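A short reminder: the numbers here are calculations on the coordinates, not readings from a lab. The model shown is predicted, which means the values in this text are computed figures rather than measured ones. Please note: Cβ atoms are built from the backbone with ideal geometry, for glycine as well, and neighbour counts cover all protein chains shown.
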Amino acid sequence: MTDSLSTTGASGATLTLLVIEDDPGGSTVVPELLDAAGRPIRVRAARNLTEAERLLTDDVHCILLDLALTAPGRSDDDDELAVLKHVLELAPRHAVLALTASGDAERGAEAVRVGAQDYLFRDELDSRLLSRAIRYAVERKRSDTAERRLAEGRMRAQENRRLERGLLPTPLLDGSSLRFAARYRPGRSRALLGGDFYDTVRTPDGTVHAMIGDVCGHGPDEAALGVELRIAWRALTLAGLCGDELLGTLQQVLEHERADEEIFATLCTVDIAPDGRRAGLCLAGHPSPLVARPGRPAQLLPYDNNGPALGLLPGARWPRMQVELGAEWSLMLYTDGLIEGRVGDSGERLGQEGMVRMVRRQLSEGLRGEQLLRAAVNEVRDLNGGELTDDVAVVLLDRVA
């Protein structure tokens with residue numbers, strides 16, 4: 001380590017050394033301690049750990065600890081590095097130099113393994129060596145701290161990705177010829193999951209059930225409620241419920257789990273017959289899906305019998321509409337985050353008509369599946385002039401004849 005190292009704190013203040021030693025007035029501390037800029041290093045002295053804890057303020061950069069001290073509540077026969085471990089617990093953000101007897105390199109090396117930045121021999125100490133050791137210890141502590149924070153950040157990112165994969169559903173479509181794609185973007189900055197939720201399962205009779213929903217609000221409580229509703233929907237669907245009976249039960253789940261009586265959720269469910277040519281549709285205050293067929297412009301499915309959102313009206317009913325899909329089709333379910341973004345400087349929202357025109361154009365350009373969903377979400381974001389404030393979820397089911 002060279003003398004060119006930066007040795008001041010973040011504010012440019014001169015270094016401060018706290019010496020913890022039975023005899024702080026002895027030969028260990030010399031008056032010529034200097035930082036890299038030639039400025040005196042301030043020295044504080046403590047005869048025991050009780051005094052050290054009082055003197056250990058934020059402007060202390062480095063601690064010089066005599067390993068011969070006894071830690072509180074311990075005898076000399078206990079762990080010989082107990083005093084170092086105690087200081088490391090008291091001062092996790094400070095650099096620590098261990099002071100040991102000459103020739104006791106093994107103890108000094110063990111001190112570094114435990115957490116000290118370096119060790120020094122008491123009888124070989126002089127002002128130049130100690131000054132350099134202080135500067136080295138401070139820089140090494142900064143480097144170790146930065147590296148640890150970077151590693152922690154990477155681990156958090158990995159945990160976040162695993163958490164997100166666990167919260168978002170894996171479609172259960174074994175045995176179905178339908179192709180599935182989904183796109184999800186939470187509206188909250190750096191959020192894993194928003195209040196939007198979706199799922200798709202195939203029941204033993206060959207029916208494919210798909211759902212998409214939106215809990216009002218964007219906080220973690222709404223995200224958690226969305227996950228609960230999605231899990232409840234899957235369990236109820238696999239148990240054989242559908243249509244009005246299913247939505248009524250989900251409303252009971254929402255009413256029981258929500259933190260506030262003002263919270264509601266919109267929902268769209270479709271159940272596609274085993275032959276893939278027709279489907280049942282239920283809307284609970286939710287935008288109607290878009291269907292695209294070869295040789296015909298993409299259009300919205302009927303939404304005249306749209307029932308109320310879940311949680312608004314006790315005893316509500318949700319009519320199930322029968323729709324014809326045909327031999328080959330693409331069915332897109334989405335949340336209102338896809339249609340409520342702004343368009344340019346006018347402040348006008350994209351809306352369902354604007355979304356239909358956009359998807360028609362993208363289909364004419366040959367976009368399908370994941371590419372179509374990615375292009376749709378990206379274009380809506382670009383039209384908005386930046387990230388969308390609302391959550392966006394889009395599900396696409398395709399049947400190819």
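Residue farthest toward the positive end of the dipole of the chain, with Cβ of Lys/Arg at +1 and Asp/Glu at -1: which of Leu120, Ser131, Leu312?
Leu312
Which one of Pro186, Val201, Gly226 has its Cα pushed farthest toward the positive end of the charge dipole of segment 171-237, where Lys and Arg give +1 and Asp and Glu give -1 at the Cβ?
Pro186
When each pair of different Cα atoms in the chain is counted once in the 1/r mean, what is the Kirkwood radius in angstroms, to one decimal?
Details: mean 1/r = 0.0383 Å⁻¹.
Computed over Cα pairs of the chain, the Kirkwood hydrodynamic radius comes out at 26.1 Å.
Suppose every Lys and Arg Cβ carries +1 and every Asp and Glu Cβ carries -1, with no other charges. What dipole size does segment 292-400 come out with about its Cα centre, to the nearest 20 debye?
420 debye
May I ask you to evaluate 6.51 cos²θ - 1.76 cosθ + 1.60, the Karplus curve with θ = phi - 60°, for each residue of segment 179-185 and list the ³J(HN,Hα) values in order in whole Hz, giving x for glycine and proline?
3J(HN,Hα) across segment 179-185, in whole Hz: 9, 10, 8, 8, 9, 9, 9.
Just how many % of Cα pairs in segment 16-152 lie over 26 Å apart, if you round to the nearest whole percent?
Details: 1543 of 9316 pairs.
Counting every Cα pair in segment 16-152, those more than 26 Å apart make up 17 percent.
What does a probe at Ser346 reach in segment 353-370, counting residues whose amide N is under 15 Å from the point 7 Å along Cα→Cβ?
Counting backbone N atoms under 15 Å from the label point, the list is 353-358.
For segment 204-275, which GluC sites (Glu not before Pro) are in a loop by DSSP, counting at most 13 other Cβ atoms within 10 Å?
Glu261, Glu262
Per DSSP H run of n ≥ 4, the term is -39500 (n - 2.57); total these for the chain, divide by its residue number, and report the mean residue ellipticity at 222 nm rounded to 500 deg cm²/dmol.
Computed mean residue ellipticity for the chain: -11000 deg cm²/dmol.
Report the charge-dipole magnitude of segment 168-399 in Debye, nearest 20, computed about the Cα centre from +1 at each Lys and Arg Cβ and -1 at each Asp and Glu Cβ.
Taking the Cα centre of segment 168-399 as origin, the dipole is about 900 debye.
From the square roots a ≥ b ≥ c of the eigenvalues of the alpha-carbon gyration tensor of segment 168-399, which class results: rounded (a/c under 1.5), prolate (a/b over b/c), or oblate?
Because a/c hits 1.5 or more and a/b fails to exceed b/c, segment 168-399 counts as oblate.
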